[in-house]
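Before any comments, here is the structure.
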Amino acid sequence: MGACCAQGVTVSLGGGFGDLNVDAGSTASNRITDDDTFAGELGVGYRLPNNVVIEGGGSTGFTVTALLAGATAEFRDARLMAGYAFPVTEKFRIVPTAGVSFWRLETVENPLLFFVPFAQRSTSGTDVAWRAAGEYYFSQRFGAYFAYSGTHPDFGSFSLLSFGMTIQF
């Protein structure tokens, strides 16, 4: 069996660019509506001999552009997902997964010109999440990934375009 089809535990560490969308009228924030974030991502998974993948992971993202408007937001989620690793070549595979996201959004509003008490809001929930990843293994145990993932919480949506490294044990 080649590197692409080996079974076992995988650990992934990466990051990327997220898009946080807060619907108008949402109770999550009065000032934050659409912000780009940088997010870190960590995942642990297991691939069975039949290429079924089970993984748990999470990400945390902090808004960059909202800081200039006097508001900040942090979106964090933990995911439990399952999918299938489709071998494309000996070293490359495509791995779509779906599952559940346990998320939390925290916003802080504080005008920069007026140092008055800030308004802090926090909301959390559980929603369906999905992820589509491409993995390329340089060797039997070490590889790189790129992925696009998302969830649609009750306040709007969060999507993440990420990349990183993965190690298989």
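The values are calculated or read from the model by the stated rules, or taken from the named source; none is laboratory data. Model, not experiment: these values are computed from the prediction. Using ideal geometry, Cβ is built from the backbone for each residue, glycine included, and neighbour counts are taken over all protein chains shown.
Take segment 124-146 and flag every residue that is under 18 Å from GLY18 (Cα atoms) and touching a residue at least 60 places away in the same chain (Cβ under 8 Å).
Result: TYR145, single match.
Could you tell me which residue of segment 1-23 is farthest from VAL88 (Cα to Cα), considering only residues that are more than 23 Å from the chain's Cα centre (by Cα) and either in a strand (DSSP E or B) or at pLDDT 60 or above (or both)? Spell out the reasoning first.
Step one: of segment 1-23, the residues more than 23 Å from the chain's Cα centre (by Cα) are 1-7.
Imposing the further condition that a residue be either in a strand (DSSP E or B) or at pLDDT 60 or above (or both) reduces the set to 6-7.
Values: ALA6: 14, GLN7: 16 Å.
Out of the qualifying residues, it is GLN7.
Of all residues in segment 120-150, how many are among the charged types (D, E, K, R) and loosely packed, with under 15 Cβ neighbours inside 10 Å? Can you show your working first?
First pass over segment 120-150, keeping only residues among the charged types (D, E, K, R): 121, 127, 131, 135, 141.
Then drop every residue that is not loosely packed, with under 15 Cβ neighbours inside 10 Å, which leaves 141.
Adding up the residues that qualify gives 1.
Identify, please: which residue in segment 64-114 is in a loop (DSSP other than H, G, I, E, B) and under 20 Å from the mean Cα position of the chain (by Cα) and is, among those, modelled with the lowest pLDDT?
Of everything passing the filter in segment 64-114, VAL64 is modelled with the lowest pLDDT.
Could you go through segment 123-131 and let me know if any residue there is of a type in the set (Lys, Arg) and either under 16 Å from the mean Cα position of the chain (by Cα) or at pLDDT 95 or above (or both). Give the steps one after another, and end with the answer.
First pass over segment 123-131, keeping only residues of a type in the set (Lys, Arg): 131.
Filter once more, keeping what is either under 16 Å from the mean Cα position of the chain (by Cα) or at pLDDT 95 or above (or both): 131.
Taking every residue of segment 123-131 in turn, at least one turns out to be of a type in the set (Lys, Arg) and either under 16 Å from the mean Cα position of the chain (by Cα) or at pLDDT 95 or above (or both).
Pull up segment 134-163, narrow it to residues that are of a type in the set (Phe, Trp, Tyr), modelled with pLDDT of 90 or more and not in a loop (DSSP other than H, G, I, E, B), then point me to the one that is nearest to ARG121 (Cα to Cα). Give the derivation first.
So in segment 134-163, the residues of a type in the set (Phe, Trp, Tyr) come out as 136-138, 142, 145-146, 148, 155, 158, 163.
Next, only the ones that are modelled with pLDDT of 90 or more stay: 136-138, 142, 145-146, 148, 163.
Filter again for not in a loop (DSSP other than H, G, I, E, B), leaving 136-137, 142, 145-146, 148, 163.
Working: TYR136: 40, TYR137: 42, PHE142: 41, TYR145: 34, PHE146: 32, TYR148: 28, PHE163: 30 Å.
Within segment 134-163, the match that is nearest to ARG121 (Cα to Cα) is TYR148.
Looking at (1) modelled with pLDDT of 85 or more; (2) assigned to a strand (DSSP E or B); (3) exposed (fewer than 14 other Cβ atoms within 10 Å of the Cβ), which is the one condition that is false for ILE54?
With respect to (1) modelled with pLDDT of 85 or more; (2) assigned to a strand (DSSP E or B); (3) exposed (fewer than 14 other Cβ atoms within 10 Å of the Cβ), ILE54 is out only on (3).
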